[in-house]
Amino acid sequence: MQLALYEPGLGYYANTAPKFGAMPASGSDFITAPELSPLFGQTLAVQVREALDATGSDDVWEFGAGSGALAAQMMKSLGERVHRYHIVDVSGTLRARQQAALAAWGEQVQWHDTLPEAISGVVIGNEVLDAMPVQLLARLNGVWHERGVALHGNGFAWADRPSPLQPPFPIEGEHDVVTEIHPQARAFISTLAACLRAGTGGAAFFLDYGFPEAEYYHPQRIGGTLVCHRAHQVDDNPLIDVGIKDITAHVDFTGIAMTAQDAGLSVLGYTSQGRFLLNCGMAELMQTVSLPERATAMKLVAEHEMGELFKVIGFSTSDSWVARGFAEGDRTHRL
């Protein structure tokens, strides 16, 4: 998955093909919330501004900035409240697109290839954790295996080998099941926590699709969550068209929360994207735009669209403040 997504010149996020767009005719494969409606970034900026004030910081760090749409929406909303807007993105081709989209802010926006030793400020990541490589596990005839990839003729095939690895949450029953574990995402959160704790204060908010462990490793979820996106269609075979389609897996939010806590961060809250955006004033912002724009923005909060599938989790170096986005509908107790 690492090679398929990030290998320089070959990986999906390393090539020049378009990724983000509303329709397949544009050559795009999927659409994310910032491309769907500018109200997404405007609403998220409300929470970020509060977090900047609460942590006494004035820098924003975005991981995996995509087309740069979210960064532009944030900068328009936050303006001079942000001293520097930092972007960390491993894709050189996307960086060029981001730089074009954010040229108006000049040196106020800066790019980084790696994490610094210390971060002071507010971190945001929209659909970042789902793009981090996972390990596949398969329980076959009651025995756990790690599922790898092998060469088969001119293509690829699955190859299983017995492994001591198991999901962090027991899957009831003895039936065959395929699932994922997320060591890279958890390592990222642990490293990020160390960077935030080394700084003068900060917070982090991640928006993504996923579940708490009890739902992620439910015995009826026998095929896991790994899927591919190409031309706005979904398939479950990452072994074909390698490098020209996205590969993604849902986020284990319990694992992310526990890793952050173990690394010294406080959990500010966990809730659905719809509830988070409404808490931050999305409904009021919708009153200021046209009816077609409201209809599009509704996809961000409606339960049958992105509002329930996507979740938001927040962390901070201090637990002395209550984040607005989790004021109502907090689900931390379900992690």
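Table for the structure above
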{"item": "The stretch 54-110, subset open to solvent by 30 Å² or more (accessible area, probe 1.4 Å) and outside any helix (DSSP H, G or I), residue nearest to VAL122 (Cα to Cα)", "result": "ASP58"}
{"item": "Boolean, PHE253 is in contact with a Pro (Cβ under 8 Å, 6 or more places away or on another chain), of a type outside the set (Lys, Arg) and touching a residue at least 40 places away in the same chain (Cβ under 8 Å)", "result": "yes"}
{"item": "Some residue of the stretch 112-129 being in a helix (DSSP H, G or I), over 16 Å from the mean Cα position of the chain (by Cα) and touching a residue at least 24 places away in the same chain (Cβ under 8 Å)", "result": "no"}
{"item": "Residues being under 18 Å from the mean Cα position of the chain (by Cα) and outside any helix (DSSP H, G or I) - total across the stretch 299-330", "result": "8"}
{"item": "Condition check for ASP29: more than 29 Å from ASP319 (Cα to Cα) and buried (at least 17 other Cβ atoms within 10 Å of the Cβ)", "result": "yes"}
{"item": "Checklist (1) at pLDDT below 95; (2) farther than 24 Å from ALA33 by Cα applied to HIS112, failing item", "result": "(2)"}
{"item": "Pairs where the first residue, in the stretch 135-156, is farther than 18 Å from GLY224 by Cβ and the second is open to solvent by 50 Å² or more (accessible area, probe 1.4 Å) and in a strand (DSSP E or B), C-beta under 8 Å, 6+ apart", "result": "ALA150/PHE156; ALA150/TRP158"}
{"item": "Candidate set from the stretch 217-257 (those that are among the small types (Gly, Ala, Ser) and in contact with a Ser or Thr (Cβ under 7 Å, 6 or more places away or on another chain)); member that is most open to solvent (accessible area, probe 1.4 Å)", "result": "GLY224"}
{"item": "Residue list for the stretch 32-49, filter: buried (at least 21 other Cβ atoms within 10 Å of the Cβ) and of a type in the set (Val, Ile, Thr)", "result": "THR43, VAL48"}
{"item": "Selected residue (only one of LEU207, LEU196 is crowded, with 23+ Cβ neighbours inside 10 Å and in a strand (DSSP E or B))", "result": "LEU207"}
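For every residue, the table says whether it meets (1) of a type in the set (D, E, K, R); (2) open to solvent by 10 Å² or more (accessible area, probe 1.4 Å).
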| position | (1), (2) |
| --- | --- |
| GLY269 | no, no |
| GLN273 | no, no |
| GLN287 | no, yes |
| GLU293 | yes, yes |
| LYS299 | yes, yes |
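The values are calculated or read from the model by the stated rules, or taken from the named source; none is laboratory data. Every value quoted in this text rests on a predicted model; they were computed, and no experiment measured them. Virtual Cβ from ideal backbone geometry, glycine too; neighbours counted across all protein chains shown. Heads up: the accessible areas ignore ligands, DNA and RNA and are worked out on the full protein's heavy atoms, side chains in. Shrake-Rupley method; radii C 1.70, N 1.55, O 1.52, S 1.80 Å.
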